[in-house]
Every structure is written in C-alpha cells, then in structure tokens.
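**Student:** The structure is given below, and queries will be raised subsequently.
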Amino acid sequence: MEGTSDSQDPLVIQDLAEAAQAHDNSGSEVSDCNKSTETLSLNPAGSPVETPPPLQPEPKVPNNMSSVKNEPSTASGALDPNESQEDVGGDLCHSRGASTDGSTMDAYNYSATESRRGTYSEAGTLPIGSTVIEENMQGWEGNSEKKLSDSDIGRTSHPKKLVSSSKCCQGLMRKNYDLPENPTRTELLRYAFTCPPHGRVGDLLIWIITGLAAWGCLISITGDQALPGGNFFSLIVLYIMAILGGEAVQLLGLPSLLGSLLIGIFFRSIPGLNVIGSNIDFQWSATLRGVALVIILIRAGLGLDPVALKKLSFTVIRLAFAPCIVETLATAVAAWLLLGLPWSWGFMLGFILAAVSPAVVVPSLLKLSEEGYGVEKGIPTLVIAAASIDDVLAISGFSVLLGLTFAEGSPTWTILKGPIEIFVGIMYGVIFGVLCWYLPYREKKNRPMYKLIILLVLGCLALFGSQKAALESAGAIGVLTVAFVAGLGWRKPETEDPEVEDYYKSIWGYVMPLMFSLIGSEIDVVAINPDTIGWGLLMLLICLTLRVITSFIVVMGGDFNIWERLFIAIAWLPKATVQAAIGSKALDHVRLTNGSKEDITRGEQVVTIAVMVILVTAPIGAAAIKLTGPKLLAKIPSVQRSPDDPETTV
C-alpha cells in the first residue's frame, strides 16, 4: 500500500489497542526492546524530518484509545502477513510515541507485533534507522561517554592519592620501622615519633590530653577560676610545666624535683610568667602541700621495717639522731647570730634543714645496690632505714616547735602543750593503726586499694584536724604513728599486701612535681633580701660541714672502713623532700592567722633558705652519690647475692 492516507490506518489502531490491552493484563516491566530487525519509515518519501520537541514526563497510558491523536501516516515495506507475532518478538517495551509529522504522541507500552505497516522500533512510532532516532542516539552516547570519562578520571585519581598517602603513612607506623641494633640519635628521635605514640612522646600526649580535659571540666564547673588569671588555671599550668621541667632535668642526670622547683621559681620571679605564680591562692597552695606531706609521712611510717632496724639497730639510731640534732643546734645558733631570728624560729629552721631527702637518697642507693655496691655490709639498707627515722625526727621536732612558737595562753599551757600534742598524736596513731589490722577484713576484694584509701583518709584527718583543734604538733606525729602501727599488722602473712607501698610510690610520683613547684612559687627572686642569700649560704656551709663530720664519726663503731664511712657521710648530704613539705608551714600559719608583718618577713626568710638548701644539696648530693659509690664501696657480683641479704629486707 503506497501513498499518503488522510485517515488513520485501522491496522495501526488495532495494533495499538492490542498493545494497551496486553499491558493492562500483564502489568509487567518493559524488557529489552532491541529485537526488532527490520526498519520502516512512517514519513512520506522525500518529506523533511522535523526534530521532535524536548522529552516530557511520560504520562500514563489512557484506557480510552480514542485519545490518541489522529494523524495521517504513510507506511511502506509491508511484512508478510503470515509471519507470526512470536517471530518478530513479543517483549513489552515502554516507549515514547511520535507522529509522522514529528509531533509527540502519548507514551504507551508497545509489544512489537506483525503489521502490514512494518516492524516498529522500541520508540513505538519511528521505524528503526530513522534519522531522528539516530541523531538522538548519537547525542546520548556522546554524553554518556563524557560522563563515564569524568567518572573514570575520579575513580583512577583518588585511589592513587590514597595509595600514595598510605605508603607515606606506613613509614610512620612503629611496626613498619625497624630500629637498628646500634641506633644513632637521629634514628632514636625518629623512632620516638612513630605511631602509635609510646615512650616519652606518649607520656607527653597523655599529660596534654589529661590537662586539657581537666581544664575543660574546671571551666564548666568553676567558670572564671579556671580561665586565665584564675586560681585553677594557674595550678594546671604550673603542674604541667613542672612535669615537663622535671623530665628535662632528668635528661641531664639530675633529680626531677630540681626541675619542678625551678619552674615554680620562674613562674613567680620572671616578668610575664609571674602572673601564674601570683594568682595561686595561698590557702589552696598550703592545702595541696599538706596532702603531699601526708603522703611523705605515710611512706616514711610504712618504710620503718622492724626487721631491718633490729639488724642494724644501734648504728641506725646513731646515724639518724646525731647528725640531725647537731645540725639543728648549729642552725639555730647561726640563725640567731647571722639572721637575727628568735630562738624558736631558729630551731624551727634547724629541724627543716636537718632532714635528709628520701626522694634523692633512696633511688640513688637502690641503683647502687642493684649493681652490688656496698651490699655485703648492708650500707644501702643502713642509710635508707636511717633516712626514714631522720625524717620522722625532723618533722616531729618541727611540729612541736611550730606549736610552741605560736602558742596562745598562759606560760603553763605553753610548757604543757608540747608533751600533750605528742601524746595525742601517738594515741591517735595507735588506736586507728590497730583498727587497720582488721579493716578491711581478709576476704575483702581489692583489699590493697581499701588499705590505701583508709590510711590516706586517716592521715589527712590527723593533719588537718589537728590544725582545727589548735594541736598542730599532733598531726604529723599521728600520721607517722598510724602508718607505722598499721604496717606492723599488714606484714603478717595472712594480711600482707605489698601493693599498698607501690600505690603510695605511684601517687608520690604524681604529687611530687606539684609540691616542689608550689614551694618554688613562694620565692620571688627580685624581692629577696641580698643579706638573706649571703648569710644564708654561709650558714648552710657551716651546718652542712658539721653534719658531714658528725655522720663520719657516728659510724666508726661499725664494721666499716674509712672509705665506706666517707661514703655514708656524703650520702647523708642531699635535702629536698621534707624542706619542700614543711618549709613554708610557718609562713602559711602566719598568713592564715593574720600574723604580724615581722612574722611574715621571718617566714619568708625561712622559705628562702629552705629553697636554697634544696638547690645546693640536691644536685650536688645526687651527683656525689653516683660518682663516689662505685669508687668507695666494695662490689659483689649479682650472682653471689641471695634473698637473705640485708638489702632485700628494705
């Protein structure tokens, strides 16, 4: 059939109706429509092809087929009427229609069927090979290729970047970094910064994160007090810098407490930094140093081992008492003559300066004992045991003098107050120390932790409670006694918990930087009287000389040669811990009781001299022990040491 028809072909209408009915009955999705193999042209031969308008959203197929626009159409290339529908293909396809003049038709689902007009394309209207379809297909294919090209670029570039980045990061991982057997400093430094964090870098990150978190909590709770210029902010900054200063000083082979002390002095004396030191509330400073003193006293009380004292009883007593008393007397006389201090203040200063520092002596001697120096004659045990008693004597004597100096009332009460405070402190320690034998009970889980808590609480109650009761001397004596008595009961096999002393040792490691930085923050170098520094150094030289001579003499009765006695006298030199703990107690008492200006000046002098003795004796004493120990003491190989050596009892 050729030519152009002015009316719709009834066969086309029939095909459209059948397709719509098939869609309504099946409701299936359109499948692949590329099975048509023949092409037909609905446009008249030689007629121009018009570009269809832009595609619109596909409407639903109307049930009434009469809504299809009647357009004249021309078909050519009729198929064999005997060809079945299955041969052409019966897949449904969702298509968009277009009339022969280029106008769009309503979309509908069409199944390619046998028709006298020809086999139609998947578009449903234009035969395969139509110019319009080919142009659109070329455009669509071009856009797809362009998009795929951009996507391919993204897929190939980003993985390459990730791979290269991961290769760079792998070099920073500790598991991928092989440290040589004899690494250089550069290799050690690079290894220190490998990930995950470890060593000193890891410790530094721990403190930074902990400090920032604590600061954030304090800002949320206290507001302005935790902001720059506030008390808590100054304490946090001082504590963190004290830790860093201690770590830096340890790299030089000096005690870490020296670095913390210097940090405190810097933050009080250097312009700009002195804002930190001056903004610290003195009541908070006194309280924190009081807690540090409690920990020192508890460690001293627990460290008094009766077995070790019994083995070296007489020598230990002589070494603990004689140098301490001689130095106290010499200091009191020198303070009265050189500084013009009253006798009570002079004796207080004497007991402050007479105490040996366990923080310097104990680690140095333990290191020598591990190497076998002096172990055969028990020299490390002798010095460590005597140091504990020396501290007890010095703190007890200072506490008694502090109570007598600021005692109020009749002369009779002033005379009786000292013995009464000593008796009260001892009774407090005995009662609660015996109670600690039974509480916590044996079956209690985490018993060492409960022992730690109950002893710390009892110690703080003794120290701060005695201040409220105006019995200052009873506090320190009560803490020492309760720790010693509790330790006697805890050494029994069924109640022995050595973890308690380890806990206090760990706590002391965290408290020590704060205590030394706080005592250092009491020193304003600019405001120090030059006479105090000059006469103070002369006084220290005289008193330390007498101490060394006395220590050398009191150990002559033991089984020690001249070089071993000389080492004991040198090891009895370092001072730091007790001086930092009680050096400002008198000044704190004057401030809290609104004392006279003259007493405040005396308290500042005492603090200045206490800090001076730390700066002079701590580094010199630590270096002297380290250098003279291997030269003056006899060494035994570690294989000859047995568990029965005196050193193992400490």
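The values are calculated or read from the model by the stated rules, or taken from the named source; none is laboratory data. Being a predicted model, the structure only gives us computed values, none of them experimental. Note: ideal-geometry Cβ built from the backbone for every residue, glycine included; neighbour counts use all protein chains shown. Quick note on the areas: whole protein, heavy atoms, side chains included, nothing else; ligands and nucleic acids left out. Shrake-Rupley method; radii C 1.70, N 1.55, O 1.52, S 1.80 Å.
**Student:** Which of the residues that make up the range 362-378 are surrounded by fewer than 22 Cβ atoms within 10 Å (Cβ to Cβ), touching an Asp or Glu at 6+ places or on another chain (Cβ under 9 Å) and not in a helix (DSSP H, G or I)?
**Tutor:** Answer for the range 362-378, where residues must be surrounded by fewer than 22 Cβ atoms within 10 Å (Cβ to Cβ), touching an Asp or Glu at 6+ places or on another chain (Cβ under 9 Å) and not in a helix (DSSP H, G or I): Glu376, Lys377.
**Student:** Same structure, new question: Looking at the range 491-503, which of its residues are in a helix (DSSP H, G or I), surrounded by fewer than 21 Cβ atoms within 10 Å (Cβ to Cβ) and touching a helix residue (DSSP H, G or I) at 6+ places or on another chain (Cβ under 7 Å)? I'd like the intermediate steps shown before the answer.
**Tutor:** First, the residues of the range 491-503 that are in a helix (DSSP H, G or I): 499-503.
Next cut, surrounded by fewer than 21 Cβ atoms within 10 Å (Cβ to Cβ) only: 499, 501-503.
Once the filter is applied, which keeps residues that are in a helix (DSSP H, G or I), surrounded by fewer than 21 Cβ atoms within 10 Å (Cβ to Cβ) and touching a helix residue (DSSP H, G or I) at 6+ places or on another chain (Cβ under 7 Å), the range 491-503 yields Glu499, Glu501, Tyr503.
**Student:** All but one of (1) within 24 Å of Ala354 (Cβ to Cβ); (2) under 35 Å from the mean Cα position of the chain (by Cα) hold for Leu393; state the number of the condition that does not hold.
**Tutor:** (2) is the only condition that Leu393 fails.
**Student:** Looking at this structure, is Val639 more than 32 Å from the chain's Cα centre (by Cα) and either modelled with pLDDT of 90 or more or open to solvent by 60 Å² or more (accessible area, probe 1.4 Å) (or both)?
**Tutor:** yes
**Student:** Please work out if Ile549 is among the β-branched types (Val, Ile, Thr) and within 19 Å of Val383 (Cβ to Cβ).
**Tutor:** yes
**Student:** Any chance the range 258-274 includes a residue that's among the aliphatic types (A, V, I, L, M) and more than 26 Å from Ser364 (Cβ to Cβ)?
**Tutor:** Scanning the range 258-274, I find at least one residue that is among the aliphatic types (A, V, I, L, M) and more than 26 Å from Ser364 (Cβ to Cβ), so the answer is yes.
**Student:** Moving to a separate point now. Go through (1) more than 27 Å from Leu615 (Cα to Cα); (2) touching a residue at least 60 places away in the same chain (Cβ under 8 Å); (3) among the polar types (S, T, N, Q) and name the single condition Thr210 misses.
**Tutor:** In the conditions (1) more than 27 Å from Leu615 (Cα to Cα); (2) touching a residue at least 60 places away in the same chain (Cβ under 8 Å); (3) among the polar types (S, T, N, Q), Thr210 misses (2) alone.
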